[in-house]
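Take a look at the structure below.
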Amino acid sequence: MSLLDLAPVIPVVVIDDVETAVPMARALVAGGLPVIEVTLRTEPALEAIGRIAAEVPDAVIGAGTVRTAGDVTASVSAGARFLVSPGATPSLADAMAASGVPFLAGAATASEVMALAERGLKELKFFPAEAAGGVPYLKALAGPLPDVRFCPTGGIRPGTAADYLALPNVGCVGGTWLTPADALATGDWDRVEKLAAEAAALR
Ligand code: 3PG
């Protein structure tokens with residue numbers, strides 16, 4: 001099954017304190033969102049991925065903000081089961097393709113989408129979704145490039161997620177709204193679970 005079809009929303013998570021990783025992942029899974037992207041934007045990210053992989057078996061844990069071949073290797077070694085990148089250089093696309101795990105390479109223009117499609121990649125991240133043109137832009141891409149499906153992320157909120165999910169070329173959306181920094185800081189796992197449950201019900 002495709003990464004895009006496992007859940008309607010992929011929480012994009014920034015982990016500042018590694019101790020929050022496992023309870024956060026449990027809350028997301030309990031709410032109905034098993035696919036979790038931990039971004040490589042903070043120092044504890046790789047350890048967080050490893051802990052979730054080891055302690056939350058129902059989670060499908062992946063690494064986001066993958067920018068280099070080194071990030072690819074480190075993420076897979078840590079336990080990431082998928083990779084997400086904000087954009088794609090040829091060397092990064094090569095490394096992700098060689099990683100052995102599913103991945104969503106980022107694209108924001110028709111040319112970028114076409115360059116990745118030439119490599120056989122037909123499931124991509126669309127980033128930064130809102131800033132790049134949002135729902136109308138994705139609708140426009142579906143005309144000439146109907147065989148490519150996306151996970152848009154960047155600026156998507158509960159009020160706009162359903163509009164994206166209604167598009168034929170959108171499999172799921174990603175966003176940070178499921179795991180607000182203050183909820184993680186205070187350990188408000190009930191709130192995270194509730195946000196996840198609302199998002200899981202979007203489709
Ligand atoms: C991403 O990397 O996908 C974005 O940073 C998502 O962040 P946002 O949901 O806060 O826009």
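The values are calculated or read from the model by the stated rules, or taken from the named source; none is laboratory data. These numbers were taken from a predicted model, which means no experiment stands behind them. In this analysis, Cβ positions are derived from the backbone assuming ideal geometry, glycine residues included, and neighbour counts consider all displayed protein chains.
List pairs: first residue in segment 155-182 and without any contact (Cβ under 8 Å) to a residue 60 or more places away in the chain, second residue charged (D, E, K, R) and surrounded by fewer than 19 Cβ atoms within 10 Å (Cβ to Cβ) anywhere in the structure, Cβ distance under 6 angstrom, at least six positions apart or on different chains.
Close Cβ pairs (under 6 Å, with a partner that is charged (D, E, K, R) and surrounded by fewer than 19 Cβ atoms within 10 Å (Cβ to Cβ)) amount to Gly155/Glu130; Trp177/Arg157.
If you go through segment 70-93 one residue at a time, do you hit one that is aliphatic (A, V, I, L, M), out of contact with any strand residue (DSSP E or B) (no Cβ under 9 Å at 6 or more places or on another chain) and at pLDDT 95 or above?
For segment 70-93, residues aliphatic (A, V, I, L, M), out of contact with any strand residue (DSSP E or B) (no Cβ under 9 Å at 6 or more places or on another chain) and at pLDDT 95 or above: absent.
Would you mind stating whether Thr89 is farther than 26 Å from Leu141 by Cα and away from the ligand (no atom under 16 Å from the Cβ)?
no
Return yes when Arg203 is more than 20 Å from Ser85 (Cβ to Cβ), surrounded by fewer than 19 Cβ atoms within 10 Å (Cβ to Cβ) and not aromatic (Phe, Trp, Tyr) and no when it is not.
Taking the combined requirement at face value, the residue satisfies it.
State yes or no: is Ala108 surrounded by 17 or more Cβ atoms within 10 Å (Cβ to Cβ), on the phi < 0 side of the Ramachandran plot and touching a helix residue (DSSP H, G or I) at 6+ places or on another chain (Cβ under 9 Å)?
On the way: surrounded by 17 or more Cβ atoms within 10 Å (Cβ to Cβ): yes; on the phi < 0 side of the Ramachandran plot: yes; touching a helix residue (DSSP H, G or I) at 6+ places or on another chain (Cβ under 9 Å): yes.
Criteria met by Ala108.
Does Ile52 meet the test of being in contact with a strand residue (DSSP E or B) (Cβ under 8 Å, 6 or more places away or on another chain), assigned to a strand (DSSP E or B), among the hydrophobic types (A, V, I, L, M, F, W, C) and within 13 Å of Val13 (Cβ to Cβ)?
The answer is no for Ile52.
Please state which of the following conditions Tyr137 fails to meet, knowing it meets all the rest: (1) away from the ligand (no atom under 14 Å from the Cβ); (2) free of Cβ contacts under 8 Å to residues at least 12 places away in the same chain; (3) closer than 25 Å to Pro34 by Cα; (4) not β-branched (Val, Ile, Thr).
Only one criterion is unmet by Tyr137, namely (3).
Please enumerate the residues belonging to segment 111-138 that are in a strand (DSSP E or B) and surrounded by fewer than 21 Cβ atoms within 10 Å (Cβ to Cβ).
Glu123
Under the condition of being surrounded by fewer than 21 Cβ atoms within 10 Å (Cβ to Cβ) and β-branched (Val, Ile, Thr), which residue from segment 34-51 is farthest from the ligand (Cβ to nearest atom)?
Among residues in segment 34-51 that are surrounded by fewer than 21 Cβ atoms within 10 Å (Cβ to Cβ) and β-branched (Val, Ile, Thr), the one farthest from the ligand (Cβ to nearest atom) is Thr42.
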